[in-house]
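The values are calculated or read from the model by the stated rules, or taken from the named source; none is laboratory data. This is a predicted model, so every value here is computed, not measured. Methodologically, a virtual Cβ is constructed for each residue, glycine included, from the backbone with ideal geometry; neighbour enumeration extends over all protein chains shown. Each accessible area value is taken on the protein alone, full model and side chains, heavy atoms only, with ligands, DNA and RNA left out. Shrake-Rupley method; radii C 1.70, N 1.55, O 1.52, S 1.80 Å.
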Amino acid sequence: MTARGRFIVFEGIDGAGTTTQTELLAGRLRAAGRPVQVESEPTRGPIGAILRQVIEGRTHLDPKALALAFAADRSDHLHNPSRGIIALLGDGVWVVCDRYVLSSVAYQSAQGVDPDWIAEINRFAITPDLTVFVDTPVDECLQRTSRRSARADVFEAHDSLTAALAVYRRALQTSSTVGELATVDGSQAPQVVTDEIVRVLDKLGFTG
């Protein structure tokens, strides 16, 4: 019987370095002989395409409708029988995902949506084996996002990021969809952060 793969999630505010760390960790795992699939939310599926338009400011949704759309995209991401995360894990693939449930809690509640309601509409979500929170100061995140693009998305403002970061820190202590938790300093050099995450995986016995 094929051993179940591991589900590792990266969380953090925009510019924290979650995308970079997702790719770097996936590379390390592949080099160690692990079958790895990199994923992200919103997805590249049909619902995710609409969400990306909202994030880029090309269309608009009511905050509650946006939260529901993220939940729907996540449900398909998990349960799609041909390409879903659960199917991949069952095939022994390690899934490394850039953002998951806590991103919805942090960003949608920062827009005034009840975080308990957000948790309720995402109660179908499976718990990751490990959540890595990339903790990076807001000002540094804004510098990074400004270098990345001259046009900020709808969530890339100082007040929005500050509010999201505060919610993140509360949710990390209370959410049922965290699993094992590692908090890393995202202001360090990217490879240093990845080294730290690999040490966490070793300590948890994931890579043995």
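Once you keep just the Cα pairs under 8 angstrom separated by 6 or more residues, what percentage relative contact order results for the chain? About 32 percent, as a whole number. Per-residue ellipticity at 222 nm, computed for the chain from helices alone with -39500 (n - 2.57) per DSSP H run of at least four residues, works out to -16000 deg cm²/dmol. The Rg/Rh ratio for the chain is 0.94, where Rg is the radius of gyration of the alpha carbons and Rh is the Kirkwood radius. Accessible area per residue for the chain, computed on protein heavy atoms with a 1.4 Å probe, is 48 Å².
Amide H contacts under 5 Å for Q37: W94, V95, V96, restricted to partners 5 or more places along the chain or on a different chain, H placed in the peptide plane at 1.01 Å from N. Compute the Rg/Rh shape ratio of the stretch 36-82: radius of gyration over Kirkwood radius, all on alpha-carbon atoms. Looking at the stretch 36-82, the ratio lands at 1.00.
Leaving out ligands, DNA and RNA, what percent of the accessible area of the chain is carbon and sulfur, probe 1.4 Å? C and S atoms contribute 52 percent here. Label the stretch 1-87 by shape, choosing from rounded, prolate and oblate, from the square roots a ≥ b ≥ c of the eigenvalues of the Cα gyration tensor; if a/c is under 1.5 it is rounded, and otherwise prolate applies when a/b is larger than b/c, oblate when it is not. Because a/c hits 1.5 or more and a/b fails to exceed b/c, the stretch 1-87 counts as oblate. Loop-resident trypsin sites (Lys or Arg not before Pro) (DSSP state other than H, G, I, E or B) in the stretch 1-74 with no more than 16 further Cβ atoms inside 10 Å of their Cβ: R4, R44, R58. Quote the Stokes-Einstein diffusion coefficient, in whole µm² s⁻¹, for the stretch 46-164, based on the Kirkwood radius over alpha carbon pairs, a temperature of 20 °C and a viscosity of 1.002 mPa s. Here the translational diffusion coefficient equals 137 µm²/s.
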